[in-house]
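J.: Structure in structure tokens, see below.
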Amino acid sequence: MFDALLHARGLGPRDLADLRFFGVEGGLVPSDDAVPASSAPAIRRGWDDVARAVRRLRRAGLAAWGTAGVHPRRVPLRGLEALLADLPAALGRPEIAALGAVGLDAGGELEERVLARQLELARELRRPVVATTPWR
């Protein structure tokens, strides 16, 4: 089994053992809206958290990959351009397999612009994209 939306940041050793016991062999750890604030530094720390979680899962014997991107619920109002400029380096990390999770939440010009920029970057870097949609 493969968990395509593994929220691994808070998993302890017993949780990892349980995953293996129940047949989970790998997972995708998303860069999502779990960062505490919509700021560029918090999003960068989230990318680092994903990479650390992937390394921890791999050490535990699970096949794991992560994603990096600007989630639509966490688009920062300040520092966006610098954040987008840092995204190619984040996508180049060995733990990161795809851009994401990206998409639209409330919609609007800013979300659409950020989504378009990230999709263009994914195309240029030939990276797969993990998309998210609002529940409604």
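J.: Quick check, is GLY100 surrounded by fewer than 20 Cβ atoms within 10 Å (Cβ to Cβ), at pLDDT below 95 and not hydrophobic (A, V, I, L, M, F, W, C)?
T.: Working: surrounded by fewer than 20 Cβ atoms within 10 Å (Cβ to Cβ): no; at pLDDT below 95: yes; not hydrophobic (A, V, I, L, M, F, W, C): yes.
Considered against the rule, which asks whether it is surrounded by fewer than 20 Cβ atoms within 10 Å (Cβ to Cβ), at pLDDT below 95 and not hydrophobic (A, V, I, L, M, F, W, C), GLY100 comes out as no.
J.: Return the residues of segment 37-72 that are within 13 Å of the chain's Cα centre (by Cα) and open to solvent by 40 Å² or more (accessible area, probe 1.4 Å); say none if nothing qualifies.
T.: Within segment 37-72, ARG44, ARG45, ASP48, ASP49, ARG52, TRP65 meet the criteria.
J.: Is segment 57-67 home to any residue that is assigned to a loop (DSSP other than H, G, I, E, B) and under 25 Å from ARG123 (Cβ atoms)? Spell out how you get there, then give the answer.
T.: Filtering segment 57-67 for residues assigned to a loop (DSSP other than H, G, I, E, B) gives 60-62.
Next, only the ones that are under 25 Å from ARG123 (Cβ atoms) stay: none.
No, segment 57-67 contains no residue that is assigned to a loop (DSSP other than H, G, I, E, B) and under 25 Å from ARG123 (Cβ atoms).
J.: Give me the residue from segment 73-89 that is over 15 Å from the mean Cα position of the chain (by Cα) and free of Cβ contacts under 8 Å to residues at least 40 places away in the same chain and, out of that set, surrounded by the most Cβ atoms within 10 Å (Cβ to Cβ).
T.: Here the residue is PRO76.
J.: To continue, here is another question. Need the failing condition index for GLY92 against (1) at pLDDT below 95; (2) exposed (fewer than 15 other Cβ atoms within 10 Å of the Cβ), just the number.
T.: Every condition holds for GLY92 apart from (1).
J.: Out of the residues in segment 15-34 meeting the condition of being touching a Phe, Trp or Tyr at 6+ places or on another chain (Cβ under 9 Å) and under 16 Å from GLY103 (Cβ atoms), tell me which one is most open to solvent (accessible area, probe 1.4 Å).
T.: LEU28
J.: Then there is this: Considering only segment 105-120, state which residues are closer than 16 Å to LEU77 by Cα and open to solvent by 60 Å² or more (accessible area, probe 1.4 Å).
T.: The answer is ALA106, GLU109, GLU112, ARG113, ARG117.
J.: How many residues are assigned to a loop (DSSP other than H, G, I, E, B), of a type in the set (Gly, Ala, Ser) and under 16 Å from the mean Cα position of the chain (by Cα) if we restrict to segment 22-36?
T.: Of the residues in segment 22-36, 2 are assigned to a loop (DSSP other than H, G, I, E, B), of a type in the set (Gly, Ala, Ser) and under 16 Å from the mean Cα position of the chain (by Cα).
J.: Right, another one. Of everything in segment 121-132 that's open to solvent by less than 50 Å² (accessible area, probe 1.4 Å) and out of contact with any Ser or Thr (no Cβ under 8 Å at 6 or more places or on another chain), which residue is farthest from GLY27 (Cα to Cα)?
T.: Checked segment 121-132; the qualifying residue farthest from GLY27 (Cα to Cα) is LEU121.
J.: List pairs: first in segment 43-60 and touching a residue at least 40 places away in the same chain (Cβ under 8 Å), second open to solvent by less than 60 Å² (accessible area, probe 1.4 Å) and basic (Lys, Arg), Cβ under 8 Å, 6+ apart or cross-chain?
T.: Listed pairs, sorted by first residue: ILE43/ARG74.
The values are calculated or read from the model by the stated rules, or taken from the named source; none is laboratory data. These figures come from a predicted structure and were not determined experimentally. Virtual Cβ from ideal backbone geometry, glycine too; neighbours counted across all protein chains shown. What goes into the accessible areas is simple: the full protein's heavy atoms, side chains included, and nothing from ligands, DNA or RNA. Shrake-Rupley method; radii C 1.70, N 1.55, O 1.52, S 1.80 Å.
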